[in-house]
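The values are calculated or read from the model by the stated rules, or taken from the named source; none is laboratory data. Remember, predicted model here, so these are calculated numbers, not experimental data. Note: ideal-geometry Cβ built from the backbone for every residue, glycine included; neighbour counts use all protein chains shown. Accessible surface areas use protein heavy atoms only, side chains included; no ligands, DNA or RNA. Shrake-Rupley method; radii C 1.70, N 1.55, O 1.52, S 1.80 Å.
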Amino acid sequence: MRAVLPALETTIQDVRFGVRLLWRSPWFTLVAVASLSIGLGSGVALFTLMNAALFRPLPGRDTANIHRIYTSNSGGSRYGSSSFADFQSFTSAVPGLFAASCATTNVQGNIVGAQSPLALAGAVFSGGCFDALKLKPQLGRLLNRSDDGASSEPPAIVISHALWRRAFGGDSSVVGRSVMLNGTSAVIVGVAEPGFAGLSLDSGADFWAPSPLAAILVSPRTLTNRGDRRFAVYVRLNAGVTASRAAERLSAVAAQLRAEDPRAWTETTGSTPTVTIAQELQSRFVTARGAATEILTATLGAIAVIVAMACVNLATMILARGAARTRELNVRLALGASRGRLLRQLATESLLISAGGIITGVLIVTAALRLFDANRPAELPGFNIAMDWRVAGFAILMAIVAPVLFGVAPGATALRLAIAEGLKGRTVLMRRGFLRVGVRELLLVVQVVVSFALLIMAALFMRSLMPLGTGQPEPSTRRVAVAPVDLNIAAQSAAEMRVFAERLLQAADRVPDVEASTAAAIVPMTGSYIGFAGREEDRPDATLMEFDGNVVAPGYFELVGIAQRAGRSFDARDHDRAPRVAVVSESLARRLWKTTAAIGRTIRLRDASTEVIGVVADTPYRASDGTPQPVLYVPLAQVPPRRLVLHARVKNEGEAIAALDRALRAVDPRIVVGTAMPLSHFLDQAKTGGRVAQWVGGVAGLLQLGLALMAIWGLVAYAVERRTAEFAIRRALGATEASIVRLVMRPSVWLLAAGAVLGCVAGVGLATALYSNFLGLAPIDLTVVVPAAVLLGAVVLAGAWLPARRAATVEPASALKQS
């Protein structure tokens, strides 16, 4: 105890002294904490997402011991989904094995009864799902086993907290409200907890329906067909029941099911499908080998880069600040302070900055998570994202490690120089060598490299937000409205898809303000694409080529403004019983036949011979730089897609779009129709995530300008501070201000030039890698690199010139007196 109390008292003194010093330098403290909070906060946010994906159990309470039951499939995977009928057999054939059970599958549904009709992502939940997760409702009640039974009353559904706020305005009277779900009356009985988005790791859900509604959300036979293996099955084991015992009992059930339904329970190899039970968290990514490792590696790598960048920025500031504290450290050494005590004091100051940064960062992440839970998009997977002990431990680790990265080396350098000056009794007057390479120089080069690389990527992001002259005709968006349509539930065959597509087009044509209508499987530049593989028909030895494609209805090219170069477009002649035909873009014709004279030529697509009946102008599909992209178009009547986007040219974009929306929804309640909107809005929505990333990247690069100016100014100012007496002597001996400026600037310029070259190379390399994988990103070219390099070059030169100018104007007498 006698040894502990003095150490504690010394630590308290160090903390109090460090707080006073930081309080006296408010701008330094504010910028340091803000810079570090961005870096460490970003690291904590990324770790929180990775933690949710890899280490947190399913959402709910006490879900770490939930197991999942898998049924092997004909593709050879041991970990496949199960049918609902099999789920019922698993849970009823062996009573006493499971304490709770759940079967769920993702669905799409039309809900009419909110502020406007909605096409939503949802899930079918068996009655025991919410009980298995031990969830509580925000309002009303959740689904239970009684909802699985047949009843004359309207079936119950539960909506998400985000949908409740978004579509129902947070109205507490929503419980008990009747809605139409795919044309069937249903009643909202409850609102789920904030942040709950279902159990799927592919996408979230905005509503949950009981199993009887699977008939209208999936197919009429989905609950009884044992071959329809689309359900994920989760169970809680009863006390005393082990996974191995459960596996033995389930194997016996599998053998019994094969005897009852040999067609559904016999694999192509003739063997009985294997039933596997495994803890959900341990088997989460078992079907995607290496996915967990990739997530872990990518996340930790990104965290390391972000934290390192923040620490480099802060290290340059601390190194510059240390030059001004040399006299203070000398005085404390003279008064008897040990080196260890001074290093501990400097480390305490760094730790205080780190604590402020991590606390601020964690508070920002916590607020962002609360906002996310209240407005969680249904498109995101249902990961259980939250702060827990792992995130807290990681934050504490970052708060301890960060000072080592940004504080130890600058602090030790400042102390070493103070000791050297104390021994010599004066500052070092002369510099040895033209270009010294040390901690300061290394930090200067690293700072410039990082700044140049980030600014070039930021310029690339910002350039992507501006219109690009592609040189290619782009699809017209003026007075064109679109509505996404999903036929998966309504249509069970290709013939039904064609019928529904035709009925939708007829309904659109009947709207008074619709001038023309058509449909396409995808809209270019939205991130969706259809891949085709083919070769020249008359060259069996030709290499199989891959290219983009689209499935379109008659009138598509005319409506969106894609010019016809030769031949004809699709019409009523190109029905499902007619010979296969296609229209090719000019670039695809050149790629296949070295000419645009392609009419009458044939392409072998898989096993079908397809005749080219038309050639159309190139239009951007994926890249935004105008690079010609080979595109193959096939008629909707011959290759009906399960999802399509209906296009309509309207006289006005007000009432006409609303009328179009109503007309499409009236065709069949089972057809999931998204909100009709102008094509320009549809394109903007598709690019929202990319645009957010672009704005973040652009703003981050602009902020880096300020950090670069401050850091480079601090590093050069540090060197100037160390050579003040030398400059004073030179001035006293007749040196001019210009010569002093050159003396300071020359080594700095060489270091800056080296950093600029390396930074440009790194920035161009990273930008090129991003461009190949980022939808809508502008291409890297001189119009991006040169202005960014010139701008940052001016900034870094200014950061070096300001301290040099200050050194040139120093008064020799006062400088020598202070030294």
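Go through (1) under 30 Å from ALA402 (Cβ atoms); (2) touching a residue at least 60 places away in the same chain (Cβ under 8 Å) and name the single condition ALA304 misses.
Among (1) under 30 Å from ALA402 (Cβ atoms); (2) touching a residue at least 60 places away in the same chain (Cβ under 8 Å), ALA304 violates only (2).
Whether any residue in segment 33-55 is open to solvent by 10 Å² or more (accessible area, probe 1.4 Å), over 26 Å from the mean Cα position of the chain (by Cα) and touching a residue at least 60 places away in the same chain (Cβ under 8 Å) is what I want to check.
Scanning segment 33-55, I find at least one residue that is open to solvent by 10 Å² or more (accessible area, probe 1.4 Å), over 26 Å from the mean Cα position of the chain (by Cα) and touching a residue at least 60 places away in the same chain (Cβ under 8 Å), so the answer is yes.
Which numbered condition trips up ARG20, out of (1) over 30 Å from GLN256 (Cα atoms); (2) among the basic types (Lys, Arg); (3) not in a helix (DSSP H, G or I)?
Only one criterion in (1) over 30 Å from GLN256 (Cα atoms); (2) among the basic types (Lys, Arg); (3) not in a helix (DSSP H, G or I) is unmet by ARG20, namely (3).
Anything in segment 126-142 that is among the aliphatic types (A, V, I, L, M) and outside any helix (DSSP H, G or I)? List them, or say none.
Answer for segment 126-142, where residues must be among the aliphatic types (A, V, I, L, M) and outside any helix (DSSP H, G or I): LEU135, LEU139, LEU142.
When you look at GLY109, is it over 21 Å from ALA374 (Cβ atoms), in contact (Cβ under 8 Å) with a residue 60 or more places away in the chain and within 26 Å of the chain's Cα centre (by Cα), yes or no?
Answer is yes for this residue.
Here is a list of conditions, (1) farther than 20 Å from GLY60 by Cβ; (2) part of a strand (DSSP E or B); (3) open to solvent by 40 Å² or more (accessible area, probe 1.4 Å), and ALA99 meets all of them except one; can you say which number that is?
Result: ALA99 fails condition (1) only.
Please count how many residues of segment 175-192 are at pLDDT 90 or above, polar (S, T, N, Q) and buried (at least 17 other Cβ atoms within 10 Å of the Cβ).
0
Only one of PHE285, PHE231 is among the aromatic types (Phe, Trp, Tyr) and open to solvent by 20 Å² or more (accessible area, probe 1.4 Å). Can you tell me which?
It is PHE285.
Would segment 193-215 turn up any residue that is open to solvent by 40 Å² or more (accessible area, probe 1.4 Å), modelled with pLDDT under 90 and more than 25 Å from the chain's Cα centre (by Cα)?
yes
Restricting to segment 268-294, name every residue that is within 35 Å of the chain's Cα centre (by Cα), in a loop (DSSP other than H, G, I, E, B) and of a type in the set (Ser, Thr, Tyr).
Across segment 268-294, the qualifying residues are SER283, THR287.
Does ARG580 satisfy the criteria of being touching a residue at least 40 places away in the same chain (Cβ under 8 Å) and under 30 Å from LYS651 (Cβ atoms)?
For ARG580, the condition - touching a residue at least 40 places away in the same chain (Cβ under 8 Å) and under 30 Å from LYS651 (Cβ atoms) - is not met.
Starting from segment 348-377, take each residue that is without any contact (Cβ under 8 Å) to a residue 12 or more places away in the chain and list its partners that are surrounded by fewer than 16 Cβ atoms within 10 Å (Cβ to Cβ) and acidic (Asp, Glu), counting only C-beta distances under 8 angstrom and pairs at least six apart or across chains.
Sorted first by the residue in segment 348-377, then by its partner, the list stays empty.
Look through segment 591-610, keep the residues that are under 13 Å from MET545 (Cα atoms) and surrounded by fewer than 19 Cβ atoms within 10 Å (Cβ to Cβ), and return whichever of them is farthest from the chain's Cα centre (by Cα).
Ranking the candidates gives TRP593 first.
Going through segment 572-588 one residue at a time, which ones are open to solvent by less than 50 Å² (accessible area, probe 1.4 Å) and either under 17 Å from THR619 (Cβ atoms) or of a type in the set (A, V, I, L, M, F, W, C) (or both)?
ALA578, VAL581, ALA582, VAL583, VAL584, SER585, GLU586, SER587, LEU588
Limited to segment 241-259, what total is found for residues that are under 24 Å from PRO59 (Cα atoms) and surrounded by fewer than 19 Cβ atoms within 10 Å (Cβ to Cβ)?
The total comes to 3.
Among the residues of segment 17-32, write down those that are in contact (Cβ under 8 Å) with a residue 24 or more places away in the chain and surrounded by fewer than 23 Cβ atoms within 10 Å (Cβ to Cβ).
Answer for segment 17-32, where residues must be in contact (Cβ under 8 Å) with a residue 24 or more places away in the chain and surrounded by fewer than 23 Cβ atoms within 10 Å (Cβ to Cβ): PHE17, GLY18, VAL19, LEU21, LEU22, SER25, PHE28, THR29, VAL31.
Can you tell me how many residues within segment 41-82 are assigned to a helix (DSSP H, G or I) and among the polar types (S, T, N, Q)?
Number satisfying all stated conditions: 3.
Please specify each residue of segment 175-196 satisfying the condition of being closer than 20 Å to GLY674 by Cβ, touching a Gly at 6+ places or on another chain (Cβ under 6 Å) and part of a loop (DSSP other than H, G, I, E, B).
Once the filter is applied, which keeps residues that are closer than 20 Å to GLY674 by Cβ, touching a Gly at 6+ places or on another chain (Cβ under 6 Å) and part of a loop (DSSP other than H, G, I, E, B), segment 175-196 yields only ASN182.
Which residue, of VAL667, VAL583, is part of a strand (DSSP E or B) and in contact with a Leu (Cβ under 9 Å, 6 or more places away or on another chain)?
Testing whether each residue is part of a strand (DSSP E or B) and in contact with a Leu (Cβ under 9 Å, 6 or more places away or on another chain) leaves just VAL583.
With the checklist (1) open to solvent by 40 Å² or more (accessible area, probe 1.4 Å); (2) under 13 Å from ALA378 (Cα atoms); (3) at pLDDT below 90 in hand, flag the one item PRO117 doesn't pass.
Failing condition for PRO117: (2).
From the list ALA214, ALA186, which one is more than 18 Å from PHE90 (Cα to Cα), out of contact with any Asp or Glu (no Cβ under 8 Å at 6 or more places or on another chain) and either in contact (Cβ under 8 Å) with a residue 60 or more places away in the chain or among the basic types (Lys, Arg) (or both)?
Selected residue: ALA214, the only one of ALA214, ALA186 that is more than 18 Å from PHE90 (Cα to Cα), out of contact with any Asp or Glu (no Cβ under 8 Å at 6 or more places or on another chain) and either in contact (Cβ under 8 Å) with a residue 60 or more places away in the chain or among the basic types (Lys, Arg) (or both).
Name the pairs whose Cβ atoms lie under 7 Å apart, with the first residue in segment 630-658 and under 14 Å from ASN550 (Cα atoms) and in contact (Cβ under 8 Å) with a residue 40 or more places away in the chain, the second in a loop (DSSP other than H, G, I, E, B) and of a type in the set (Asp, Glu), and 6 or more positions between them or separate chains?
Short answer, once both residue conditions are applied: PRO635/ASP574; ALA637/ASP574; ALA637/ASP576; GLN638/ASP574; GLN638/ASP576.
Report whether or not TYR718 is crowded, with 21+ Cβ neighbours inside 10 Å and modelled with pLDDT under 75.
yes
Could you count how many residues in segment 375-391 are under 12 Å from PHE47 (Cβ atoms), open to solvent by 50 Å² or more (accessible area, probe 1.4 Å) and either under 17 Å from the mean Cα position of the chain (by Cα) or of a type in the set (A, V, I, L, M) (or both)?
The number of residues fulfilling the criteria is 1.
Here is a check on your reading of the model: is PRO273 touching a Pro at 6+ places or on another chain (Cβ under 9 Å) and touching a residue at least 24 places away in the same chain (Cβ under 8 Å)?
no
Of all strands (runs of 3 or more DSSP E) completely enclosed by segment 516-571, which ones contain at least 3 residues that are open to solvent by less than 10 Å² (accessible area, probe 1.4 Å)?
545-552
What number of residues in segment 561-603 are among the charged types (D, E, K, R) and more than 28 Å from GLU502 (Cα to Cα)?
5
How about segment 649-673: which of its residues are open to solvent by 10 Å² or more (accessible area, probe 1.4 Å) and small (Gly, Ala, Ser)?
Within segment 649-673, GLY654, ALA658, ALA659, ALA663, ALA666 meet the criteria.
Would you check which residues across segment 586-612 are hydroxyl-bearing (Ser, Thr, Tyr) and in a strand (DSSP E or B) and list them?
Within segment 586-612, THR602, SER609, THR610 qualify.
For residues that are in a loop (DSSP other than H, G, I, E, B) and within 16 Å of PRO194 (Cα to Cα), scanning just segment 143-174, find the one that is least open to solvent (accessible area, probe 1.4 Å).
The residue in question is SER160.
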